[in-house]
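K.L.:
Please see the structure below; I have some questions.
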Amino acid sequence: MVKQRQSTAAAELTAEQEELAQRIYQRLQAKMDEELLAMARLMAAKADHEIFGKGEFELRDKLNQVGATIVSEAANERSKKGVPR
């Protein structure tokens, strides 16, 4: 298992918030591993001259999709507990 770095924000979470964070993390972990591998493959497939420019923008698009997935999972977990969005 990868050791998680604790950010300043994580140190300030209540027990309930930490529980929510852990549930979100568990739901995201497998999806993110798949996404990271896809991004690594994308960059590995690029020729040297393609890494920046087109390749960079393709990677940024994937990162935006990952961010949207995280937001969606967080909203879904909150709605399960009756926490308003």
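K.L.:
Does the stretch 23-66 hold any residues that are assigned to a loop (DSSP other than H, G, I, E, B) and at negative phi, and which are they?
P.N.:
If the condition is that a residue be assigned to a loop (DSSP other than H, G, I, E, B) and at negative phi, then Lys46, Ala47, Ile51, Phe52 are the ones that fit.
K.L.:
Can you run down the residue pairs with Cβ atoms below 6 Å, 6 or more apart or on separate chains, where the first is in the stretch 59-85 and among the hydrophobic types (A, V, I, L, M, F, W, C) and the partner is outside any helix (DSSP H, G or I) and at pLDDT below 85?
P.N.:
Within 6 Å, the pairs are Ala75/Arg85.
K.L.:
Which members of the stretch 41-85 meet the condition of being surrounded by fewer than 11 Cβ atoms within 10 Å (Cβ to Cβ) and of a type in the set (A, V, I, L, M)?
P.N.:
The answer is Ala44, Ala45, Ala47, Ala68, Val71.
K.L.:
How many residues, within the stretch 59-82, are of a type in the set (S, T, N, Q) and within 17 Å of Gln26 (Cβ to Cβ)?
P.N.:
The qualifying residues number 4.
K.L.:
Right, next: Among the residues of the stretch 12-62, count how many are closer than 18 Å to Ala75 by Cβ and of a type in the set (Lys, Arg).
P.N.:
Of the residues in the stretch 12-62, 3 are closer than 18 Å to Ala75 by Cβ and of a type in the set (Lys, Arg).
K.L.:
Further question on the same structure: Considering (1) closer than 27 Å to Ile24 by Cβ; (2) at pLDDT 95 or above, say which one Ala44 fails and leave the rest.
P.N.:
(1)
K.L.:
Still on this structure: Restricting to the stretch 25-46, count the residues that are under 11 Å from the mean Cα position of the chain (by Cα), of a type in the set (A, V, I, L, M, F, W, C) and within 17 Å of Arg60 (Cβ to Cβ).
P.N.:
2
K.L.:
A follow-up question, please. What's the number of the only condition in (1) in contact with a helix residue (DSSP H, G or I) (Cβ under 8 Å, 6 or more places away or on another chain); (2) more than 25 Å from Glu16 (Cβ to Cβ); (3) not hydrophobic (A, V, I, L, M, F, W, C) that Gly53 fails to meet?
P.N.:
Result: Gly53 fails condition (1) only.
The values are calculated or read from the model by the stated rules, or taken from the named source; none is laboratory data. All values reported here derive from a predicted model rather than from experimental measurement. Note: ideal-geometry Cβ built from the backbone for every residue, glycine included; neighbour counts use all protein chains shown.
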